[in-house]
Structure formats: C-alpha cells, structure tokens
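The values are calculated or read from the model by the stated rules, or taken from the named source; none is laboratory data. What you see is a predicted model; the values in this text were computed from it and never measured. Backbone-built Cβ (ideal geometry, glycine too); neighbour counts: all protein chains shown. With ligands, DNA and RNA removed, areas are computed over all heavy atoms of the protein, side chains included. Shrake-Rupley method; radii C 1.70, N 1.55, O 1.52, S 1.80 Å.
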Protein chains: 2
Amino acid sequence: MTAKAVQDYYPDDIAVCYGCGKSNKHGYQIKTYWEGDETVSRFQPQPYHTAFPGYVYGGLIASLIDCHATGTAASARYRESGKPLGKEMLERFVTVSLHVDYVAPTPINTILHLRGRVKERKGRKMVISVTLSADGKETARGEVVALQMPADFLGENK
Amino acid sequence: MTAKAVQDYYPDDIAVCYGCGKSNKHGYQIKTYWEGDETVSRFQPQPYHTAFPGYVYGGLIASLIDCHATGTAASARYRESGKPLGKEMLERFVTVSLHVDYVAPTPINTILHLRGRVKERKGRKMVISVTLSADGKETARGEVVALQMPADFLGENK
C-alpha cells in the first residue's frame, strides 16, 4: 500500500464527494490503495447503516463500489503515464453507469473489504469491476463505467 | 397520493433501513406514494450530499432509486390482492440487482423527483424501472430486480 490513498491526490477544490472526498467532513471518506494490479479499500459501517437488523443497506454498498471504482479508474489512467502516484494531482472520473449484484446479505458489525480492477479501457472510458466482502465472504459484485471528466462537466460551478 | 406512504406499512421491527426506514432517525426516510400506475417520491438533498460542488453524489441517487424501487415492488405485490393499501403490513422486498445510468449531473439545490413503475413480474421477483429528475430534467435512470424476502433471509437476526 502507498502511504497516501488515491483520493488524497484529487484536487482540493473538488474533493467534496460524500463518498470519497477528503474535504467532506460528513461523508464516508473512502480510501483506495493499489496492491499489484488491484485496488483495495476497507470500510467500517456505522451501526445505523442498516437495511435490516444486522445487515448493511444496499445504498451504502453501491456508494462504496462507485467511489472505489472511480478512484481505481482515475489512478489507473495516471499510472499509464509511468509516473509514480502523487507526483501530480489526478484527473477525476465520473460515473456513467453503476451495476451492483447483491449476492448475499452483508453483515454490519465487521469491516467491509473492496477489491477493484480495470476490466476494459475504451478511449476516455474505463470499465471497473469491484467485489465487496465481509467476514471473508463475497456479498456484492459491482461494475462501473467511468468517464474521464469532460472539461465542461462542472459548467459554472467550477 | 395516499395519506400514508408505502414505507409506513413496513412492519415496525424491521423498519430500520437507512434509505427508507421510518425507525431510522439517521437515514433518508424516503416516502413512496402511488399515482395511478406509477409511484412517486420527492427528496431534498442536504448541502453536504455533494459529488462535486453543486451536484449530488451518485451513491445518494443509487440509494433513492433502490429504496423507491423495493417500496414499489412490495406495494405492487400487495395491490394485486385487491385490498386497499394499509389494511395489512407489507411483505418486504430485497434488492437482487441495481443498475443506474447517470445521464446528466444532478443539481443539489433542488427537490429530486422519482417515478417508478413495474416493468416485469416473474414469480417472487419484480423488475422495477425508476427515473430521477431535478428541475424538470431527467438526470438518472435505474432498474432494480427485487425479490420478495425469503422467510429465512434474516436468519438469527429476526
């Protein structure tokens, strides 16, 4: 693992994502790291992140997969340049589509483990696949189509 | 619209979903209503539910679509019995898969409008399609495969 997470290299002025922005004090502050050809992330749900008593709600799982995937895409694209992560800020990726298969209920009183990898590169898009496990068991699988953020994406808000 | 929302007819002891549980004080408490053959829901994001400055993060959109869809499925199944909503508690549906297409950035300083409909019925499963709009513009489309909760789903937690 690198000392800093992928999300620590997002430009400060737009690092406000509720899922992964280091500047969002209310949010999850997901941290993604590289391990070989895969990315990993760990997350401890809060007791109130329930779907049913004892289990994590699907929206949190979707959020974790989404932000872990866009972080994987942004840093994978940067790594293609051959420069070490952290030399420059990352170009952000946005989510075009998100698909999650909930294969088993996800227990809440444990750390969730995410693993991501680049499945496909097509121009400015990348397809990222992610698995989520709890207590050593895979409980969700996701696939995200992420797009390198167009220059005019934020319009007048940037 | 009915006086009470679909989610008000979920049994109290399992109404703890962060997305739509009436007993989860931390959560979104999404409320779904029927209008003819469609379900509708409205949600005002908090200022910190950002993806980028001015826009809603994708995880919230996924959560809203997910809970609105499972509420649509549970109440659609109950309506098949011909009884008026509210006569009995609803049988819960769980999410098998969730797909979201993010077709445009979703502005944060406005009320989000969701519309759902039953696309397909197959045994204990239903496929629900949902659209999400902001300021009159559709910004996301979702499809959820929902399953009537198996009796043993909650195991020892119920």
(request) State in Å² the accessible area per residue of the protein assembly as shown; use a 1.4 Å probe, count heavy atoms of protein chains only, and round to the nearest integer. (result) 43 Å²
(message) Taking a point 7 Å out from Cα toward Cβ as the label site, list the nm distances between B:LYS122 and the same residue in every other copy, smallest first.
(response) 2.4
(request) Compute the label-point distances linking A:ASP13 to its equivalents in the other copies; points lie 7 Å from Cα along Cα→Cβ; give nm, one decimal, shortest first. (result) 5.5
(message) Using Cα springs under 10 Å in a Gaussian network model of chain B, which residue among B:LYS87, B:LYS137, B:LYS125 shows the largest mean-square fluctuation?
(response) B:LYS87
(message) Can you give me the % of accessible surface on the range A:42-158 that is carbon or sulfur? Probe 1.4 Å, all protein chains present, nothing else counted.
(response) 48 percent
(request) List the accessible area buried at the contact between A and B, summed over both sides and calculated with a 1.4 Å probe, in Å² to the nearest 100. (result) 3200 Å²
(message) What translational diffusion coefficient, to the nearest whole µm²/s, does the range A:1-127 have by Stokes-Einstein, given a Kirkwood radius computed over alpha-carbon pairs, a temperature of 25 °C and 0.890 mPa s viscosity?
(response) 161 µm²/s
(message) Quick check for me: using +1 on Lys/Arg Cβ and -1 on Asp/Glu Cβ, what's the dipole size of the range A:77-156 about its Cα centre, in debye to the nearest 20?
(response) 380 debye
(message) Using only the alpha-carbon atoms, how far is helix B:58-79 inclined from the longest principal axis of chain B? Give it as 0 to 90 degrees, nearest 10.
(response) 30 degrees
(request) Distance check, please: which entries in A:LYS25/B:LYS22; B:LYS4/B:LYS87; A:LYS31/A:LYS87; B:LYS22/B:LYS87; B:LYS25/B:LYS87 exceed 21 angstrom between their Cα atoms? (result) A:LYS25/B:LYS22; B:LYS25/B:LYS87
(message) Residue by residue through A:10-20, how many Cβ atoms from other chains fall within 10 Å of the Cβ on average?
(response) 4
(message) Can you list residues from other chains, or at least 5 along the same chain, whose modelled amide H is less than 5 Å from the amide H of A:SER97?
(response) A:VAL145, B:TYR102
(message) Rounded to two decimals, what is the ratio between the C-alpha radius of gyration of the protein assembly as shown and 2.2 N^0.38 Å?
(response) 0.98
(message) Just to confirm the filter: which GluC sites (Glu not before Pro) across the range B:80-157 are DSSP coil and have at most 12 other Cβ within 10 angstrom of their Cβ?
(response) B:GLU80, B:GLU88
(message) Using a 7 Å offset from Cα along the direction of the beta-carbon, what are the separations from A:ASP37 to the same position in each other copy, nm, ascending?
(response) 4.9
(request) Count neighbours as other Cβ atoms within 10 Å of each site's Cβ, and list the trypsin sites (Lys or Arg not before Pro) in the range A:1-86 that are DSSP loop with at most 11 such neighbours. (result) A:LYS25
(request) Report the relative contact order of chain A, percent, no decimals, based on alpha-carbon pairs under 8 angstrom and at least 6 residues apart. (result) 23 percent
(request) Count, for each residue of A:101-110, the Cβ atoms from other chains sitting within 10 Å of its Cβ, then give me the mean as a whole number. (result) 2
(request) Show which lysines lie in cross-link reach of A:LYS125 when reach means a straight Cα distance below 21 angstrom and same-chain residues fewer than eight apart are skipped. (result) A:LYS83
(request) With all distinct Cα pairs included, what does the Kirkwood hydrodynamic radius of the range B:36-98 come out to in Å, to one decimal, could you say? (result) 13.7 Å
(message) Using protein chains only and a probe of 1.4 angstrom, how many square angstrom of A:PHE153 are accessible, to the nearest 10?
(response) 50 Å²
